[in-house]
Every structure is written in C-alpha cells, then in structure tokens.
Amino acid sequence: MPAIEVSSGIYWIGVNDRTTDLFEGLWPITSEGVSYNAYVIDGEKKVLVDLAKDMKGDALLAQIAEIVDPQALDYIVINHMEPDHTGVLRTFHRLAPDINVLASPRAEKMLSSFYQIESNVHFVEDGETLDLGSHELVFYHTPMVHWPETIMTYESSQKVLFSCDAFGGYGALQGAIFDSDCKSLRFYEDEALRYYANIVSLFAKPVLKAIAKLAEVEIDVVAPSHGLIWREHPERIIELYKKWAEYATVGPELGVTLVYGTMYGNTEVMVDAVAQGIAQANVPVNIFDVRHNHASYILPSIYARKGVLVGAPTYEGELFPPMAHLLDIIKRKRIRNRMVSYFGSYGWSGGARRELETWAEELRWEVAEAWEFPGSPTNEALDKGVKLGYRFAQAVKDSM
Ligand code: FEO
C-alpha cells in the first residue's frame with residue numbers, strides 16, 4: 001500500500017503480511033494476516049519508527065523511499081526488538097550504516113546479539129526528549145509490554161503515540177488504516193483481543209502500569225505496530241486494553257467457556273446437555289471443540305470469562321491429549337482464579353478427572369464438580385448433565 005499521512009509530517013509506511021501461517025511460529029494468522037506498521041517523521045530531522053519482519057524487507061524499503069531516501073534518515077527508533085518489528089534491521093543498516101539508532105538501554109545486548117549493531121546507538125532514558133525542529137519525541141520506558149526493552153515513543157506536536165505491540169492486534173489492513181475509515185471495527189477489536197490473549201496477557205500488570213504512566217499524556221492518535229491506527233477514538237483501544245488487562249487483576253466477566261474434545265462422540269453428546277443447563281441459568285456460553293480450534297482462538301474466551309467447563313474423555317488413563325495441550329498453554333499463560341467443572345466418558349477406567357484436578361490445583365482454579373461416566377450417556381446421564389451445567393453456571397454467577 002502507498003504511504004499514508006497520519007498527521008502533519010508523520011507517515012504510515014507499514015506492510016501487510018498475508019503469508020505467515022503462524023505468528024511467533026505459534027499462533028495461526030493464515031486467514032486474518034497481520035500488519036507491521038512502521039512510520040516516518042518527515043520534518044527538519046527525519047526519523048524512522050520501527051520496521052517489519054525480514055520477509056517484508058523489499059516492500060518496507062520501497063514504502064520508506066516513497067517519503068524519504070533511507071540514507072537521508074537521521075534516526076531510527078527501535079521501540080521493541082522482537083524480529084516482527086526489527087527483522088529488516090540488518091538489511092536496512094547495510095543501506096544506512098551511519099544512522100543513529102534510538103532504543104532502550106535494555107536493548108543493548110539484543111541489538112548486538114540479533115544484528116551485531118554496537119555503534120551509533122543512543123540509549124534513551126525514561127522521559128527523555130529529542131527535539132527534531134519541526135517535531136519533538138518523548139520516550140517512555142514500558143518494560144514487558146511486551147519484552148523488557150520495550151519503549152513507546154510520543155510525538156508531542158501532533159500528539160501521536162507510537163505504542164508498538166501495545167494497543168495492537170492481528171488482522172492485515174484491508175485498505176483502511178484508520179479506525180474512522182474502517183467498516184470492520186468488530187473484526188479488528190476481536191483480533192486485538194486474540195492478539196492480547198496470545199501475546200501480551202502474561203504481562204497484564206506491566207500493561208496497566210504503562211496505561212497509568214500515559215494517563216496524563218494527551219493522545220490524539222494511537223499508532224501501534226500491528227493493526228488499525230486509532231485516530232477518531234484513540235481512547236477506545238486504550239480502554240479495551242485496560243479492560244482486558246484487568247481480567248488478570250480485578251477479575252473476568254460472567255460467562256462460561258465450554259471446551260470439549262471427543263473420540264467417538266460420547267463426551268460430545270453430553271456437551272449439548274450441559275450447555276442446555278448453562279442456558280437455563282441464563283449465563284452466556286462459548287463452546288469450542290478443542291480438536292478443531294487452535295488454542296489461539298480459545299484463549300480469549302478463557303481469559304475473559306470466569307467459568308471453564310472441560311469435557312474430555314479419558315485416553316490411556318489420562319486426559320484426552322488435545323485437551324491436555326490446551327491446559328498446558330493455559331498454564332504457561334498463568335491464567336489464574338477461574339472456576340472449573342469437568343465431565344467426560346471413559347472405556348474401562350477413568351483417569352482424566354484426576355489429571356484435571358491436579359492441574360486445577362497448580363493453577364489455583366476452583367473445581368466445582370468433576371464427573372466421569374462410562375461409555376455412552378444414557379437419558380438419565382444426560383439429565384444429570386443438564387443439571388451439572390445449570391449448577392455450574394449458577395455457581396459461577398454466585399462467585400462474581
Ligand atoms: Fe509485535 Fe512483541 O512483537
């Protein structure tokens with residue numbers, strides 16, 4: 001896409017990635033894509049803010065050249081070292097070896113180990129300003145949003161915040177780059193939550209700390225490094241990120257994530273019965289089949305809702321492996337303080353229930369009920385399932 005002016009003398013020169021299947025080698029984006037937003041400040045001094053993944057080198061360099069000769073740039077700001085934003089740095093640095101690099105002091109070792117850049121680097125202090133003549137930059141240290149060296153850069157004449165990962169989301173840009181022009185806001189907000197749950201959620205406290213730090217800063221434009229640029233309602237994405245980060249500190253919303261796996265359909269039959277009970281209690285429910293839905297798409301619901309109902313058969317005396325994999329990811333994301341119930345079918349002996357209970361204890365999740373049933377559920381068992389769903393949903397409600 002051609003470069004687009006964001007604000008006076010500030011240009012978006014980002015690129016879309018619709019080629020990568022797994023973001024970070026982990027999280028599916030085949031259908032949604034992702035953008036790597038980078039920016040040029042074309043004033044008395046010329047500044048490049050962030051880059052892109054290495055596979056997009058040619059496209060990014062062409063975008064930069066639309067606005068300014070890369071060799072005429074005075075500075076490059078590296079808000080964050082993760083290679084989705086710096087992959088092009090090695091090539092770019094060969095083109096412009098004398099450019100002044102601006103980064104957090106915590107980026108020093110990373111600049112050396114990733115790209116062997118050790119000179120012409122200025123490590124900015126928290127709150128440090130840089131007068132560009134026509135523009136002025138202020139650097140805010142925002143560690144762990146998403147790595148320790150992460151900073152945000154604020155351009156004070158136009159009140160533009162270059163927030164990097166914070167306030168970003170999956171989803172390649174579909175022609176419109178601003179919230180004001182976008183006809184699919186819901187898509188970008190959902191993809192921002194998925195990105196938050198996948199990439200940033202472990203760092204909820206640093207996110208809240210960063211938002212508090214920026215509370216007094218007047219922000220007219222939130223210009224993240226992924227997804228939409230928020231120019232009409234910059235407060236909207238900041239409020240959403242605050243709400244999502246508070247799921248980890250204040251607590252999640254009322255609702256149940258019913259996640260299940262099944263080998264021959266016996267546990268699956270019970271899913272509808274249990275869901276009926278949840279609906280009778282008038283509690284919202286999201287249902288996922290763990291065999292067909294990557295954890296990336298299930299995590300936002302687990303993260304946002306208080307109740308988790310796990311339906312999975314026993315497999316060789318243990319929990320059905322695809323479910324165990326999901327639970328392992330939840331454990332790595334340290335999603336705490338949920339309420340959980342379990343149901344599942346077994347052949348000759350149970351075992352899944354025991355594993356689920358051990359896992360819940362490690363995660364500090366409260367187990368409301370756990371029920372293993374043999375083989376195919378009878379009508380009587382299905383009736384029991386409806387009641388289990390109802391009791392669980394009521395217990396979730398009561399816990400809020
Ligand atoms: Fe978009 Fe932490 O990288």
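Within the bounds of region 191-211, is there any residue that is within 21 Å of Ser31 (Cβ to Cβ), open to solvent by 10 Å² or more (accessible area, probe 1.4 Å) and either within 13 Å of the ligand (Cβ to nearest atom) or at pLDDT 95 or above (or both)? Yes, because at least one residue in region 191-211 is within 21 Å of Ser31 (Cβ to Cβ), open to solvent by 10 Å² or more (accessible area, probe 1.4 Å) and either within 13 Å of the ligand (Cβ to nearest atom) or at pLDDT 95 or above (or both).
Taken over region 113-135, the criterion of being open to solvent by less than 40 Å² (accessible area, probe 1.4 Å) and within 16 Å of the ligand (Cβ to nearest atom) is satisfied by Tyr115 alone. Filtering region 158-179 to residues that are touching an Asp or Glu at 6+ places or on another chain (Cβ under 6 Å) and surrounded by fewer than 22 Cβ atoms within 10 Å (Cβ to Cβ) leaves Lys159, Asp179.
Taking first residues from region 97-110 that are of a type in the set (Gly, Ala, Ser) and partners that are modelled with pLDDT of 95 or more and open to solvent by 10 Å² or more (accessible area, probe 1.4 Å), the Cβ contacts under 7 Å between residues at least 6 apart in sequence or on separate chains come to Ala103/Val121; Ala103/Phe123; Ser104/Phe123; Ser104/His141. Counting only helices (runs of 4 or more DSSP H) that fall entirely inside region 216-328 and contain at least 3 residues that are away from the ligand (no atom under 16 Å from the Cβ) and under 21 Å from Phe203 (Cβ atoms), the qualifying elements are 234-249, 295-304.
Scan region 10-23 and tell me whether some residue there is basic (Lys, Arg), under 24 Å from Ile229 (Cβ atoms), away from the ligand (no atom under 13 Å from the Cβ) and in a strand (DSSP E or B). Within region 10-23, not a single residue is basic (Lys, Arg), under 24 Å from Ile229 (Cβ atoms), away from the ligand (no atom under 13 Å from the Cβ) and in a strand (DSSP E or B). Looking across region 136-154, the residues that are among the aliphatic types (A, V, I, L, M), within 16 Å of the ligand (Cβ to nearest atom) and open to solvent by less than 10 Å² (accessible area, probe 1.4 Å) come down to Val145, Ile151, Met152. Kindly evaluate Gly344 against the criterion of being assigned to a helix (DSSP H, G or I), in the same structural domain as Gln276 (by TED's automatic domain parsing) and in contact (Cβ under 8 Å) with a residue 40 or more places away in the chain. Spelling it out, it is not the case that Gly344 is assigned to a helix (DSSP H, G or I), in the same structural domain as Gln276 (by TED's automatic domain parsing) and in contact (Cβ under 8 Å) with a residue 40 or more places away in the chain.
Filter region 352-400 down to the residues that are in the same structural domain as Gln276 (by TED's automatic domain parsing) and part of a loop (DSSP other than H, G, I, E, B), then identify the one that is modelled with the lowest pLDDT. The qualifying residue modelled with the lowest pLDDT is Arg364.
Filtering region 65-112 to residues that are within 13 Å of the ligand (Cβ to nearest atom) and under 14 Å from Leu51 (Cα atoms) leaves Ile78, Asn79, His80, Met81, Glu82, Pro83, Asp84, His85, Thr86, Gly87.
Of all residues in region 302-323, those being under 22 Å from the mean Cα position of the chain (by Cα) and aromatic (Phe, Trp, Tyr) number 1. Checked against the criterion of being in a helix (DSSP H, G or I), touching a His at 6+ places or on another chain (Cβ under 7 Å) and not β-branched (Val, Ile, Thr), the candidates Tyr195, Tyr188 yield just one match: Tyr195.
Among residues of region 151-178 that are without any contact (Cβ under 8 Å) to a residue 60 or more places away in the chain, those with a Cβ under 7 angstrom from a residue that is of a type in the set (A, V, I, L, M, F, W, C) and open to solvent by 10 Å² or more (accessible area, probe 1.4 Å), sequence gap 6+ or separate chain, pair up as Ser156/Val138; Ala176/Cys182.
When we screen Glu32, Glu44 for residues that are assigned to a loop (DSSP other than H, G, I, E, B) and under 24 Å from the mean Cα position of the chain (by Cα), the only hit is Glu32. With respect to the conditions (1) open to solvent by 10 Å² or more (accessible area, probe 1.4 Å); (2) assigned by TED's automatic domain parsing to the domain that holds Ala172, Val222 falls short on a single one, namely (1).
From the list Met339, Met400, the lone residue that is open to solvent by less than 20 Å² (accessible area, probe 1.4 Å) and either in contact (Cβ under 8 Å) with a residue 60 or more places away in the chain or β-branched (Val, Ile, Thr) (or both) is Met339.
For region 38-64, a tally of residues being modelled with pLDDT under 95, within 16 Å of the ligand (Cβ to nearest atom) and among the hydrophobic types (A, V, I, L, M, F, W, C) returns 2.
Scanning region 258-314 for residues that are touching a helix residue (DSSP H, G or I) at 6+ places or on another chain (Cβ under 6 Å), farther than 18 Å from Tyr195 by Cβ and hydroxyl-bearing (Ser, Thr, Tyr) yields a total of 3.
Which of the residues belonging to region 340-359 are within 24 Å of Tyr303 (Cα to Cα) and either among the hydroxyl-bearing types (Ser, Thr, Tyr) or touching a Lys or Arg at 6+ places or on another chain (Cβ under 6 Å) (or both)? Ser341, Tyr342, Thr358, listed by residue number.
The values are calculated or read from the model by the stated rules, or taken from the named source; none is laboratory data. Given the structure is predicted, the values throughout are model-derived calculations rather than measurements. We place every Cβ from the backbone using ideal geometry, glycine too, and count neighbours over all the protein chains shown. Accessible surface is based on the protein model in full, side chains and every heavy atom, while ligands, DNA and RNA are left aside. Shrake-Rupley method; radii C 1.70, N 1.55, O 1.52, S 1.80 Å.
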